[in-house]
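Here the structure comes first, spelled out in structure tokens, and everything after it is commentary.
The numbers here are math on the coordinates, done by the rules we state, and not lab data. Every value quoted in this text rests on a predicted model; they were computed, and no experiment measured them. Glycine also receives a Cβ, built like all others from the backbone with ideal geometry; neighbour counts cover every protein chain displayed.
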Amino acid sequence: MFRRVLVANRGEIALRVIRACRELGVESVAVYSDADSMAPHALDADRAVRIGPAPPADSYLRVASVIEAARSTGAEAVHPGYGFLSENPALAHACQDAGLTFIGPPPSVLETLGSKIAARTLAARAGVAAVPGKIPATQSDEALAAAAAEVGFPILLKPASGGGGIGMKRVADAAGLAAAAAQARREARAAFGDDTLYVERALTRPRHVEVQIFGDSHGHVVHLFERECSLQRRHQKLIEESPSVALTPALRERMGAAAVAVATEAGYRNAGTVEFLLDGTGDDARFYFLEVNARLQVEHPVTELVAGVDLVHAQLRVAAGEPLPWTGRDLAQRGHAIEARVYAEDPEQGHLPQAGRLLLYREPRLPGVRIDSGVREQGEISVHYDPLLSKVIAWGETRDAARRRAIEALRRYPILGVRTNVRFLLSLLDSPRFVAGDIDVGLVESEAAELAAADTTDWSAAAGAIAAVLEARSACAVSATTADPWTTLGAWRG
């Protein structure tokens with residue numbers, strides 16, 4: 001096992017990795033920008049190194065700064081978390097050149113899977129069908145139009161690089177193609193430095209189902225079942241769960257085998273996710289390869305709770321050269337888990353990201369509920385980073401038990417200082433279609449008005465917030481008027 005690991009990230013994922021390191025007896029090194037000098041991840045690690053100003057391009061995205069921080073602290077390995085440089089082959093190559101272990105796939109695998117076009121080709125070699133689509137002969141508007149006509153409208157224009165829905169455009173007919181392509185190119189070029197596009201058929205009501213995979217350097221690849229990630233807004237996930245109610249045992253076996261085939265074909269190592277679009281339900285449903293996320297996922301806790309594993313522990317062990325700690329025969333699903341992402345954003349203003357000081361922040365402590373967060377009370381929510389505050393993960397013996405626990409946790413989650421999407425999440429979890437399991441990737445957008453109008457008044461959280469404010473005021477009053485015996489008794493102590 002490593003002696004010291006640098007965590008090249010921030011927020012809740014940095015804290016998650018730091019905790020895993022501590023549990024395995026490994027020292028952790030955090031990196032921080034000027035905006036994060038007092039952030040929880042910088043304070044919780046065994047060591048912390050400043051790597052630049054607040055903007056990510058000047059700090060967390062600077063490969064040279066990350067490598068220098070690892071060298072200067074004697075770290076032996078780098079864990080990239082997710083986002084930032086986690087799927088960037090440049091960091092993996094730089095670690096290799098510096099004699100550091102990159103806790104993730106090899107650079108060559110990142111390069112292949114980083115291109116959606118190359119990943120589709122790889123999936124085809126593995127015998128896994130992708131969503132019907134067409135790679136244009138050139139990147140001219142004429143070639144895009146010809147590809148779209150062949151695939152058939154409606155289509156999705158998708159950047160070949162990157163992820164997170166950035167640059168993705170749904171086009172209903174030929175009349176809107178040129179404008180959508182121009183905008184998609186601009187967004188892709190700005191985000192990924194690559195404006196290559198391809199055309200994919202837009203399925204009517206698909207589900208987004210992903211399979212957790214894990215490989216080691218001893219030739220073993222397993223899957224750890226699926227996650228349902230269909231509740232999205234503008235291709236950003238809001239609520240994830242495992243298992244998916246749409247999968248029968250036979251369909252689950254087919255999708256798991258397809259994910260393992262793709263990972264094996266890629267020569268995959270460490271944790272990753274193979275994403276699919278699912279068309280239909282039951283044994284006869286069809287699924288299509290979408291992409292591979294070559295990293296740990298934001299929603300990995302639902303897999304951990306249902307499968308009874310620690311994925312970050314396994315990442316560290318596999319990166320250190322150990323074989324996988326479990327085989328496919330060791331793994332089984334138990335119960336149901338639901339994750340809700342709590343963001344600093346205003347749903348009433350188009351989910352506009354919020355920034356400011358967390359005047360009050362109290363996480364609920366309830367049975368069967370896990371909170372992964374990267375913030376603290378009185379901390380600043382910066383304009384420079386993703387506005388994710390925390391993830392509320394609830395486990396139950398049944399789906400409804402997990403759902404009710406998630407609702408109860410969100411209702412007992414007082415947050416003041418910035419607006420959040422807690423009320424919106426409550427309306428989603430209580431919506432008739434979610435309760436029935438009748439969900440697809442278009443649900444949030446199609447029922448936006450009903451979700452926004454739902455009455456999810458959070459009186460328990462409001463009461464908790466008021467009580468906490470009164471408690472804080474009382475404590476301040478006592479400290480201002482009460483003499484401190486340790487400063488008034490002089491040198492003698494009895």
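Observations, loosely collected:
- Highest average first, the peptides 397-406, 225-234, 327-336, 7-16 ordered by how many other beta carbon atoms sit within 10 Å of their residues are 7-16, 225-234, 397-406, 327-336.
- The charge dipole of the chain, taken about its Cα centre with unit charges on the Cβ of Lys, Arg, Asp and Glu (plus for the first two, minus for the last two), comes to roughly 560 debye.
- The DSSP beta bridges internal to the stretch 4-103 are antiparallel in roughly 0% of cases.
- Reachable lysines from Lys169, criterion Cα separation under 22 angstrom, eight or more residues apart if same chain: Lys116, Lys134, Lys158, Lys237
- By the helix-only formula, in which each DSSP H run with n ≥ 4 contributes -39500 (n - 2.57) and the sum is divided by residues, the chain has a 222 nm mean residue ellipticity of -10500 deg cm²/dmol.
- Both radii were evaluated on the Cα set of the chain; the Rg over Rh quotient, with Rh as the Kirkwood radius, amounts to 0.98.
- Relative to the longest principal axis of the Cα atoms of the chain, the long axis of helix 11-23 lies at roughly 70 degrees.
- Listed by chain and number, the aspartates and glutamates whose C-alpha is less than 15 Å from the C-alpha of Lys391, apart from same-chain residues fewer than 8 away, are Glu12, Glu240, Glu241, Glu299, Glu304, Glu339, Glu345, Glu363, Asp372, Glu408.
- Nearest 10 degrees, 0 to 90: helix 177-192 Cα axis against the chain principal axis: 50
- Order of Met255, Met168, Met1 - criterion: other Cβ atoms within 10 Å of each residue's Cβ, fewest first: Met1, Met168, Met255
- Legend: ranking of residues Lys169, Lys158 from fewest to most surrounding C-beta atoms inside 10 Å; resulting order Lys169, Lys158.
- Tensor-based shape of the stretch 184-305 (alpha-carbon gyration tensor, a/c under 1.5 rounded, otherwise prolate or oblate): oblate
- Listed peptides 88-101, 440-453 appear in the order 88-101, 440-453 once ranked by packing, highest mean of other Cβ atoms within 10 Å at the front.
- The charge dipole of the stretch 207-453, taken about its Cα centre with unit charges on the Cβ atoms of Lys, Arg (+1), Asp and Glu (-1) only, comes to about 660 debye.
- Crossing angle, helix 63-73 versus the chain [Cα axis fit, 0-90 degrees, rounded to tens]: 40
- Computed over the Cα atoms of the stretch 132-201, pair by distinct pair, the Kirkwood hydrodynamic radius stands at 11.5 angstrom.
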